[in-house]
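*Asks:* Next up is a structure, given as structure tokens.
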Amino acid sequence: MTRRFLFVLGSARAEGNTELLARAAAEQLPADAEQQWIRLADHPLPDFVDLRHDSDYVRPSPDTPAGVLLDATLAATDIVIASPLYWYSVSSLTKRYLDYWSAWLRTPGADFRDTMAGRTLWGVAALAHDEPAVTAPYTGTLIHSAAYLKMRFGGVLLGNGSAPGDVRGDADALARAKTFFARDAPLARFPHETAGV
């Protein structure tokens, strides 16, 4: 099966450090791996409304931001969340995209849960901090989302950078980018499922 990577760009800035790092990693993908890049700022989602107890969900029209993102997400074998670290978690654009997963779980005909099971979720983030431990909430958001949907989790590629282009000076991050997508992506598990293993 041909792998199809969806790169979800969650930065408010075009061509920021996170995107540069994601593109450096994507350059190492095999030639037959398909790539689709979507900048969330170019596909603004309305505020998420939880309809679970009020009315039925309807599949969004394919020409709306929600429809574009749903179709691209369902078509991907690998979803790469490329969001800078904003206040120790994902950006607001990225969080809104993930919130829509709740609607897509209940969208007739989407089969979102079954489709996502076994797919792989990855993260790429630039941060303006020297200590990677501060990214724990970011990583937790992604790994818990993957675990909930029985996805695989490939980890988070971190790079250091604040001003535009700074990440190009992070030699360690660029070296990790060369092999990031070649890593084994195990089935994601919640911490309580791996305790004592």
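The values are calculated or read from the model by the stated rules, or taken from the named source; none is laboratory data. The model shown is predicted, which means the values in this text are computed figures rather than measured ones. Note that each Cβ is placed from the backbone with ideal geometry, even for glycine, and that neighbours are counted across all protein chains shown. Note: accessible area is taken over every heavy atom of the protein model, side chains too, but ligands, DNA and RNA are not part of it. Shrake-Rupley method; radii C 1.70, N 1.55, O 1.52, S 1.80 Å.
*Asks:* Could you tell me how many degrees, from 0 to 90 and to the nearest 10, lie between the Cα long axis of helix 92-104 and the main elongation axis, the longest principal axis, of the Cα atoms of the chain?
*Replies:* 30
*Asks:* Also, quick follow-up: Report the net charge of residues surrounding L45, where surrounding means a beta-carbon distance below 9 angstrom and charges are Lys +1, Arg +1, Asp -1, Glu -1.
*Replies:* That works out to -1.
*Asks:* Using a Förster distance of 35 angstrom, determine the FRET efficiency expected from the C-beta separation of D50 and L187, and round it to 0.05.
*Replies:* 0.80
*Asks:* Relative to the first principal axis of the alpha-carbon coordinates of the chain, what is the inclination of helix 136-148, with its axis defined by its Cα atoms, in degrees from 0 to 90 and to the nearest 10?
*Replies:* For helix 136-148, the angle is close to 40 degrees.
*Asks:* Could you work out the local net charge near P132, counting Lys and Arg as +1, Asp and Glu as -1, over the other residues with Cβ closer than 14 Å to its Cβ?
*Replies:* Residues near P132 contribute -3 overall.
*Asks:* Over the chain, with a Gaussian network built from C-alpha contacts below 10 Å, which listed residue (A182, A146, A26) shows the highest mean-square fluctuation?
*Replies:* A182
*Asks:* Note the per residue figure in Å³ for the convex hull of the C-alpha positions in the chain.
*Replies:* In the chain, the Cα hull volume divided by residue count equals 132 Å³.
*Asks:* What full-extension length gain, to one decimal in nm, is calculated for Y57 and R106 as 0.36 nm per residue of separation minus the Cα-Cα distance?
*Replies:* Gain in length upon complete extension: 17.0 nm.
*Asks:* What's the extension gain from S92 to A12 if we count 0.36 nm per residue and subtract their Cα-Cα distance?
*Replies:* Result for the pair: 27.9 nm of gain on full extension.
*Asks:* Stokes-Einstein D for the stretch 113-197 at 4 °C, 1.567 mPa s, Kirkwood Rh over Cα pairs, in µm²/s?
*Replies:* Estimated via Stokes-Einstein, D reaches 93 µm²/s.
*Asks:* Moving on. Restricting to the stretch 104-197, compute how many DSSP beta bridges are antiparallel as a %, nearest 5.
*Replies:* Looking only at bridges with both residues in the stretch 104-197, the antiparallel portion is about 10 percent.
*Asks:* At 7 Å along Cα-to-Cβ for each site, give me the label-to-label distance between T2 and D114 in nm.
*Replies:* Roughly 2.5 nm, to one decimal.
*Asks:* Give the angle, between 0 and 90 degrees and rounded to the nearest 10, that separates the Cα long axis of helix 17-26 from the longest principal axis of the Cα atoms of the chain.
*Replies:* 90
*Asks:* Around E15, with a cut-off of 12 angstrom between Cβ atoms, what is the net charge of the other residues, counting Lys and Arg +1 and Asp and Glu -1?
*Replies:* Within the 12 Å Cβ shell, the charges total +3.
*Asks:* Of the listed peptides 89-97, 101-109, 3-11, 147-155, what is their order by residue-averaged count of other C-beta atoms within 10 Å, with the highest listed first?
*Replies:* 3-11, 89-97, 147-155, 101-109
*Asks:* Tell me the relative contact order for the stretch 1-160 as a rounded percent, counting alpha carbon contacts under 8 Å between residues six or more apart.
*Replies:* Computed value for the stretch 1-160: 28 percent relative contact order.
*Asks:* Sticking with this structure for a sec: Between L158, L121, L40, which gets the highest mean-square fluctuation from a Gaussian network model of the chain, Cα cutoff 10 Å?
*Replies:* L40
*Asks:* A further question follows. Please check which bits of the stretch 168-191 a label hung off A133 would reach, taking the label as a point 7 Å along Cα-to-C-beta and the cut-off as backbone N under 20 Å.
*Replies:* Answer for the stretch 168-191: 191.
*Asks:* What is the stretch 78-197's relative contact order, in percent, from Cα pairs under 8 angstrom and six or more apart in sequence?
*Replies:* The value is 27 percent.
*Asks:* Okay, next question. Which three extents, in angstrom, do the Cα atoms of the stretch 1-94 have along their principal axes, listed largest first?
*Replies:* Taking the Cα atoms of the stretch 1-94, the three principal extents are 46, 37, 21 Å.
*Asks:* Separate question: Using a 1.4 angstrom probe and counting only protein chains, how large is the accessible area of I38 in Å², to 10?
*Replies:* 10
*Asks:* Multiply the residue gap between D99 and D71 by 0.36 nm, knock off their C-alpha separation, and tell me the result in nm, one decimal place.
*Replies:* Difference between extended and current length: 8.5 nm.
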